[in-house]
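Student: Dumping the structure here so I can ask a few things about it.
The values are calculated or read from the model by the stated rules, or taken from the named source; none is laboratory data. This structure is a prediction, so every number in the text was calculated from the model and none was measured. Note that each Cβ is placed from the backbone with ideal geometry, even for glycine, and that neighbours are counted across all protein chains shown. Only protein heavy atoms, including side chains, enter the accessible area calculation; ligands, DNA and RNA are left aside. Shrake-Rupley method; radii C 1.70, N 1.55, O 1.52, S 1.80 Å.
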Amino acid sequence: MISVDLERPGDAWEIEALLDTAFGVGRLSLSSYQLRQDVHHVAELSLVARDELGLVIGTIRFWPIEIGDARFPALLLGPIAVHPTHQGEGIGSMLIRTGIANAARIGWKLVMLVGDLEYYSRFGFARSTSTEFPMPTNPARVLFLELAPGAASGLEGKVTRPGNP
C-alpha cells in the first residue's frame, strides 16, 4: 500500500538520492534550480510517497516564486520524481493532484513549472507565453495552472526568487 505524507526532515537524504537516481547530479544546473537557490520549499506542500516498508519512493516539492514587476506570488512545482521501480503506478499523478489540491486549499492562486505540456495538461496546466524563466529554459516548456480563476490574467514578466529582481 502506497501512502502520501508530508515530507519530514529525516527524509532529506532519501529525497536527494531519489532525485539523483531520477535526474542525475546534473539536475542542479537546470534553470529551475536557480529559482530554488537560497529559498526554502513550502513545507506544507512538500510531499513524499512511501511504500509498505516506509521507504520514500516518490517526492514533490513546491517553491515560492514571484512574477513580473508586480512581484505576483506563485508556486514553482518541482522537482517531482518517482523511483524507477514504481513508475507507471500513478504515484506521480497522485503526488501532483494532492499537492495542487493542498496549494489551492491554503490560498495559493497560481502554479508554474518547466515540463512537458503533453503530460501536465491532464492536470490543467497550459503553456505560458507571457513569463520569462531564467535561461537556459525552453519557453515552450514553461507551464502554468490557475488555482483561482483569472489568476494569470495580464500576468507577465520575469519569474524570480522571492525578494530578488
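Student: May I ask you to say which residue of R36, R71, R97 is modelled with pLDDT of 95 or more and either in contact with a Cys (Cβ under 9 Å, 6 or more places away or on another chain) or of a type in the set (D, E, K, R) (or both)?
Tutor: Values: R36 fails: modelled with pLDDT of 95 or more; R71 fails: modelled with pLDDT of 95 or more.
Every option except R97 fails the conditions.
Student: Write out, first by first residue and then by second, each pair whose Cβ atoms fall under 9 Å of each other, whose residues are 6+ apart or on separate chains, and whose first residue, in region 121-144, is more than 26 Å from A101 (Cβ to Cβ) while the second is in a strand (DSSP E or B) and open to solvent by 90 Å² or more (accessible area, probe 1.4 Å).
Tutor: Hits for this filter: E132/K158; P134/K158; P139/R127; P139/E132; A140/R127.
Student: Something else about it: With the requirement that a residue be among the small types (G, A, S) and either surrounded by 17 or more Cβ atoms within 10 Å (Cβ to Cβ) or within 10 Å of the chain's Cα centre (by Cα) (or both), what does region 70-103 give you? Can you show your working first?
Tutor: So in region 70-103, the residues among the small types (G, A, S) come out as 70, 74, 78, 81, 88, 90, 92-93, 99, 101, 103.
Answer for region 70-103, where residues must be among the small types (G, A, S) and either surrounded by 17 or more Cβ atoms within 10 Å (Cβ to Cβ) or within 10 Å of the chain's Cα centre (by Cα) (or both): A74, G78, A81, G92, G99, A103.
Student: Scan region 64-80 residue by residue and report those that are of a type in the set (D, E) and outside any strand (DSSP E or B).
Tutor: Once the filter is applied, which keeps residues that are of a type in the set (D, E) and outside any strand (DSSP E or B), region 64-80 yields only D69.
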